[in-house]
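Provided herewith is a single structure, encoded as structure tokens, for subsequent inquiry.
The values are calculated or read from the model by the stated rules, or taken from the named source; none is laboratory data. Source: prediction; values computed, not measured. Every residue, glycine among them, receives a Cβ derived from its backbone with ideal geometry; neighbour counts consider all protein chains shown. Side chains are part of the model used for accessible areas, which takes the heavy atoms of the whole protein and leaves out ligands, DNA and RNA. Shrake-Rupley method; radii C 1.70, N 1.55, O 1.52, S 1.80 Å.
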Amino acid sequence: MLCSACRLRPPVTEDGRCLLCAGPAGPPPMPPVPAFVAPQQYLRSPDGLAKAVVVLLAAVAVADLFAVATGLNVRRVLGEGLDDGFATYDEAEATLADDLYAGAGVLQVLMTVATAVVFIIWFRRVRLNAEVFDPSAQPMGVGWAVGAWFVPIANLVLPRRIAGGIWTASAQTDPDGGWRTVPTTVMNLWWGAWVCSLVVSRYTSQQYWKAEEPQEIMDAAGLLMATDALDLVAAVLAVLFVRKLTRMQGERAALGVYPLSVPPAPGRAH
């Protein structure tokens, strides 16, 4: 028989307590129970960042439209001078058209860089949330949500792989807590358009800077305009992707952060 208070030593009193527990100080205090930290505290809303990304993507789209307009102006000026088969365009007007086109390119670069910075911050935020939702659905570690964008060639594949894991973890919004599949059409279209725009723009930019004759400049400007249009489409699809994934994470967070049943993810890189 053990002490009725501490259950460690034999009793010595009528009420079944040991000598230590029966003393004037009573039984020794039990260590405090650690406070439970709810997993929800690790979730952070991506809504604010998503709104900033959408605004910046809209600015990118405007810059693309301006680039298309200035490209059309370059082709018009040079085309008028070539109507009679000779390069007789107005030199001042051609210089102004070229300066406007170059300015549009600078604006595109500035908007793209600003958007990329905020987008990557948003992307890391949703990746951290996905780690809380279900780490087993993530094919790569959290750090890759930033680093994957800066690895040459691999940045054409790795971010999409990471986005797929985030999408899977964020899609678990069935009322019964079960796993469901949300079509990845928007994500796939955005990624395909972005990769195509990135690859094609490198080629068309080189063609434009190598062009010397008026006809060569016109042809290269036409290629750049097509690239700008593709970049515009990629920006619109990126807006749809950001809004969709952000909304999915809000719905998923409302269910609780416990991991739900999902198929095992492939080998994970850290």
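Restricting to the stretch 120-169, name every residue that is among the polar types (S, T, N, Q) and open to solvent by less than 10 Å² (accessible area, probe 1.4 Å).
Asn129, Gln138
Now, a different point. When you check Val199 against the structure, is it modelled with pLDDT under 95, of a type in the set (Val, Ile, Thr) and open to solvent by 50 Å² or more (accessible area, probe 1.4 Å), yes or no?
Yes; evaluated as a whole, the condition is true for this residue.
Continuing with this model, one more query. Could you check the stretch 119-212 for helices (runs of 4 or more DSSP H) lying wholly inside it with 2 or more residues that are under 22 Å from Ala253 (Cβ atoms) and of a type in the set (Ser, Thr, Tyr)? Can you show your working first?
On the way: elements: 144-147, 158-170, 185-210.
Output list reads 158-170.
Also: Collect the residues in the stretch 41-73 that are open to solvent by less than 80 Å² (accessible area, probe 1.4 Å) and within 11 Å of Met111 (Cβ to Cβ), keeping them in residue-number order.
Keep residues of the stretch 41-73 that are open to solvent by less than 80 Å² (accessible area, probe 1.4 Å), which gives 43, 45-50, 52-54, 56-61, 63-64, 67-71, 73.
Leu56, Leu57, Ala58, Ala59, Val60, Ala61, Ala63, Asp64, Ala67, listed by residue number.
Considering every residue within the stretch 47-66, establish whether at least one is in a loop (DSSP other than H, G, I, E, B) and either farther than 30 Å from Met248 by Cα or modelled with pLDDT of 65 or more (or both).
The answer is no; no qualifying residue exists.
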